[in-house]
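Engineer: Let me begin by handing over the structure; questions about it come next.
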Amino acid sequence: MDALTLEKQLKNAPAAPVYLVLGTQSAIINNVKESFAKLIPSAERVMNVGSYDLEEEGLDEALDDAMSAPFFGEKRLVFLNKPNFLTTNGGKSKVKQNPDLLKNYLEHPQPTTILVILAPYEKLDGRKAVVKKLRKSAVEVEAHPLKEQDAKEMVEQVVLNAGFHFDDGALNELVKRTNADYSLMLANVKKLMLLDYESKEIDQKSVSELVPQTLDSNIFDLVTAVLRKQQDHALDLYQQLLNSQQQPLQINAVLVSQFRLLLQVKILSSRGLSQGTLANKLGVHPYRVKLGLQTVRNFSLTSLMNAYLGLIRCEKALKTTSRSPELLFQLFMLQYSQQVR
């Protein structure tokens with residue numbers, strides 16, 4: 001279920017013994033934590049709410065807490081954060097955990113405890129016995145990146161609930177500058193409401209001035225300039241990235257990644273795959289796929305391939321020669337433009 005469904009369910013029905021919150025959206029995870037915290041009266045939270053970072057603390061200690069009876073209350077709430085022993089690579093942890101402890105707890109969960117496992121990962125290792133048991137025993141809550149429309153609706157609702165509203169174009173500008181990342185949108189909305197506190201109106205100018213574009217967003221503008229062979233504009237954008245303290249190799253790596261994505265979108269969309277299917281298959285945010293689909297319609301597979309290979313050569317030159325990054329990028333643009341012709 002999603003976070004909104006969980007919030008409604010917790011208001012209308014008793015909580016389940018175990019929940020698994022899986023996904024990388026920190027804002028959604030925080031919302032879920034707040035929904036659970038409301039189940040414990042504020043006067044009881046000091047004694048009846050526990051939170052454990054399983055990269056730093058032992059699972060045995062956390063589950064001992066979960067097995068304890070509530071202290072002068074009806075329910076105990078225990079959060080298990082970052083259970084990287086449930087993932088494929090296990091992550092970097094100072095503590096080696098024993099998965100059997102969790103597996104045993106799931107066999108007989110404490111009825112007066114709400115155990116919430118917060119897993120800020122894309123997925124868990126489904127081959128592990130403890131993960132299989134967890135999937136069967138826990139109520140799963142999704143905290144994956146939201147689709148663009150869902151993110152816009154949720155952010156707009158936050159703004160309306162606070163007594164503010166977006167002027168024409170402001171919300172779309174926020175989406176563009178944050179790549180429709182709900183966590184980034186929400187964090188910036190809080191700053192925008194402080195800026196426009198008196199007027200209660202968030203306008204496009206405020207968004208443009210206050211919200212910095214992500215590197216991916218800046219790179220997308222650069223990609224568009226490259227594909228359109230706008231050499232002066234592309235060089236200007238590249239110089240702006242350097243002036244903002246972005247490293248040449250990092251800029252080039254993101255460019256390579258973006259053109260790789262465009263190639264994948266071009267090839268797979270020609271086979272009839274939908275936007276949602278492409279996002280799931282490629283493991284990227286749906287908004288990036290949407291922008292990719294809009295871009296590749298106007299350019300051939302050959303054009304995209306030429307740019308991709310040219311940037312690979314540029315990366316090699318950045319690593320093996322002493323020529324300036326600006327010159328290497330200018331040479332790339334000249335060679336690419338000639339190939340397109």
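Engineer: Nearest 10 degrees is fine. How inclined is helix 248-269 to the longest principal axis of the chain, computing both from alpha carbons?
Structural biologist: Between helix and principal axis, roughly 80 degrees.
Engineer: Give the distance, in whole Å, between the Cα centre of the stretch 248-326 and the Cα centre of the stretch 33-77.
Structural biologist: 46 Å
Engineer: What are the ³J(HN,Hα) couplings of the stretch 142-150, residue after residue, when phi is run through the Karplus curve with 6.51, -1.76, 1.60 and θ = phi - 60°? Round to Hz, x for glycine and proline.
Structural biologist: Running phi through 6.51 cos²θ - 1.76 cosθ + 1.60 with θ = phi - 60° gives 7, 10, 7, x, 7, 5, 3, 5, 5 Hz.
Engineer: Loop only per DSSP, at most 13 neighbouring Cβ atoms within 10 Å: give me the GluC sites (Glu not before Pro) in the stretch 169-228, ordered by residue number.
Structural biologist: E198
Engineer: Pull up all non-local amide H partners of R76: gap of 5 or more, or a different chain, and H-to-H distance under 5 Å with H placed in the peptide plane.
Structural biologist: When sequence neighbours closer than 5 places are left aside, the close amide H contacts are T113, I114.
Engineer: For T295, T277, T112, T88, what's the largest-to-smallest order of accessible area, 1.4 Å probe?
Structural biologist: So the residues, ranked largest to smallest area, are T88, T277, T112, T295.
Engineer: With every protein chain kept in place and ligands, DNA and RNA left out, what is the accessible area per residue of the chain? Probe 1.4 Å, answer in Å².
Structural biologist: 52 Å²
Engineer: Turning to a different aspect of this structure: Per-residue ellipticity at 222 nm for the chain, helices alone: DSSP H runs ≥ 4 residues times -39500 (n - 2.57), over residue total, nearest 500 deg cm²/dmol?
Structural biologist: After summing the helix terms and dividing by residue count, I get -18000 deg cm²/dmol.
Engineer: For a quick check of understanding: with a 1.4 angstrom probe and all protein chains in place, what accessible area in square angstrom does K281 have, to the nearest ten?
Structural biologist: K281 has an accessible surface of roughly 130 Å² with all protein chains in place.
Engineer: Return the loop-located trypsin sites (Lys or Arg not before Pro) in the stretch 215-271 (DSSP other than H, G, I, E, B) with at most 16 other Cβ atoms within 10 Å of their own Cβ; answer none if there are none. Write out the running numbers ahead of the final one.
Structural biologist: Working: sites: R228, K229, R260, K266, R271; in loops: R228, K229, R271.
The qualifying sites are R228, K229, R271.
Engineer: Determine the share of the stretch 58-114's accessible area contributed by carbon and sulfur atoms, expressed in whole percent, with a 1.4 angstrom probe.
Structural biologist: C and S atoms contribute 52 percent here.
Engineer: While we're here: Quickly work out the D221-to-F299 label distance, labels modelled 7 Å from Cα along the C-beta direction, and quote it in nm with one decimal.
Structural biologist: For F299 paired with D221, the spin-label model returns 1.7 nm.
Engineer: Using DSSP to call loops (not H, G, I, E or B), can you name the chymotrypsin sites (Phe, Trp or Tyr not before Pro) in the stretch 121-208 whose Cβ has at most 16 other Cβ atoms within 10 angstrom?
Structural biologist: Working: sites: Y121, F164, F166, Y182, Y197; in loops: Y121, F164, Y197.
The qualifying sites are Y197.
Engineer: If you don't mind, there's one more thing I want to ask. Which cross-chain or sequence-distant (5 or more) residues have an amide H under 5 Å from the amide H of D203, H modelled 1.01 Å from N in plane?
Structural biologist: Those lying under 5 Å, H to H, from D203 are D167.
Engineer: Report ³J(HN,Hα) in whole Hz for each residue of the stretch 31-43, in order, from the Karplus equation J = 6.51 cos²θ - 1.76 cosθ + 1.60 where θ = phi - 60°; Gly and Pro get x.
Structural biologist: 3J(HN,Hα) across the stretch 31-43, in whole Hz: 4, 5, 4, 5, 4, 6, 4, 5, 6, 9, x, 4, 5.
Engineer: From the backbone phi of the stretch 101-118, what are the Karplus-calculated ³J(HN,Hα) couplings (6.51 cos²θ - 1.76 cosθ + 1.60, θ = phi - 60°) in whole Hz, Gly and Pro given as x?
Structural biologist: Rounded to whole hertz, the list is 4, 5, 4, 5, 4, 5, 5, 9, x, 5, x, 9, 10, 9, 9, 10, 9, 9.
Engineer: Run the count for the stretch 124-180, please: Lys pairs, Cα-Cα under 30 angstrom, 8 or more apart or on different chains. Working shown, then result.
Structural biologist: On the way: K128/K136; K128/K147; K132/K147; K133/K147; K136/K147; K147/K176; K152/K176.
Qualifying lysine pairs in the stretch 124-180: 7.
Engineer: Going by a ≥ b ≥ c, the root eigenvalues of the Cα gyration tensor, does the stretch 1-78 fall in the rounded group (a/c under 1.5), the prolate group (a/b larger than b/c) or the oblate group?
Structural biologist: Since a/c reaches 1.5 but b/c is at least a/b, the shape of the stretch 1-78 is classed as oblate.
Engineer: Going by amide H atoms built from the backbone, whose H comes under 5 Å of the H on V141, apart from near neighbours?
Structural biologist: Result for V141 returns L20, V21, L22.
The values are calculated or read from the model by the stated rules, or taken from the named source; none is laboratory data. The shown structure was predicted, so the numbers you read here are calculated from the model rather than taken from an experiment. Because the Cβ atoms are built from the backbone with ideal geometry, glycine has one as well, and the counts that use them run over all protein chains shown. Surface areas here come from the heavy atoms of the whole protein model, side chains and all, with no ligands, DNA or RNA. Shrake-Rupley method; radii C 1.70, N 1.55, O 1.52, S 1.80 Å.
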